[in-house]
Amino acid sequence: SSDFSPTVSLNYDVTDNVMSYVRYSRAYKSGGWNTDFVPSVNDIAFDDESVDAFEFGVKSMLFDRKLRLNLAAYLSKHSNYQVFSFIQLSNGGSASSATNAGKVTSKGFEVEADLQPVEWLNLFVNYGYNDTKFDSFLNGGGPGVDFDGNRPAEAPKHNLNLGIATDFDLGFANLM
């Protein structure tokens, strides 16, 4: 298969320390064939996945560049979203199978702050809110059970990271 996946970004320097941007990108994941257990000939192949992603954000360096503050909002629309699942076999084992779920929408925002109050100390916090759901996923809950409106696996609604980093010169070595 072949694909054209462009990215277009427009940046605007609001000030010397604040930049805003808008971005569109298209991404692609190749389809393939299930080579483990296949319940029917129709289940052998799965289709290519694509996503159209839109993002708006602001990146800034404040307080004499001691504070980096970044904000972003995004919307992603997936087509032929690939889902990997395990199928229970009659012999008690299981096999991995890939299918296409249909459409998935992901939208949310991220906030990232990085503070360096002194040269050797860096404090940071990142928070992300992610609202992701299947717009259409026929038979996603089993044969005849649509999974529309449910969240995909590994798509947490909230993500928080806190951290401290040091680079302290002890004279004979650096404490990091």
What pairs come up if the first residue lies in the stretch 126-155 and is under 30 Å from residue 68 (Cβ atoms), the second is surrounded by 12 or more Cβ atoms within 10 Å (Cβ to Cβ) and aromatic (Phe, Trp, Tyr), and their beta carbons are under 8 Å apart, counting only those six or more places apart or on different chains? 128/109; 129/109
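Would you be able to say whether some residue in the stretch 155-169 is in a loop (DSSP other than H, G, I, E, B) and either among the basic types (Lys, Arg) or closer than 22 Å to residue 97 by Cβ (or both)? Working first, answer last.
Applying the first criterion (in a loop (DSSP other than H, G, I, E, B)) to the stretch 155-169 yields 155-157, 167.
Restricting the remaining residues to those that are either among the basic types (Lys, Arg) or closer than 22 Å to residue 97 by Cβ (or both) gives 155, 157.
Checking the stretch 155-169: at least one residue is in a loop (DSSP other than H, G, I, E, B) and either among the basic types (Lys, Arg) or closer than 22 Å to residue 97 by Cβ (or both).
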When you check residue 119 against the structure, is it modelled with pLDDT under 90, open to solvent by 70 Å² or more (accessible area, probe 1.4 Å), out of contact with any strand residue (DSSP E or B) (no Cβ under 8 Å at 6 or more places or on another chain) and closer than 30 Å to residue 13 by Cα, yes or no? yes
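Check 162, 138 and return the single one that is within 23 Å of residue 45 (Cβ to Cβ) and either open to solvent by 40 Å² or more (accessible area, probe 1.4 Å) or at pLDDT 95 or above (or both).
Working: 162 fails: within 23 Å of residue 45 (Cβ to Cβ).
The unique qualifying residue is 138.
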Which number in (1) open to solvent by 50 Å² or more (accessible area, probe 1.4 Å); (2) among the β-branched types (Val, Ile, Thr); (3) more than 30 Å from residue 46 (Cα to Cα) marks the one condition that residue 58 misses? (1)
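The values are calculated or read from the model by the stated rules, or taken from the named source; none is laboratory data. Treat the numbers as computed from the prediction; the structure is a model and nothing was measured. In this analysis, Cβ positions are derived from the backbone assuming ideal geometry, glycine residues included, and neighbour counts consider all displayed protein chains. The accessibility values were calculated without ligands, DNA or RNA, using every heavy atom of the protein model including side chains. Shrake-Rupley method; radii C 1.70, N 1.55, O 1.52, S 1.80 Å.
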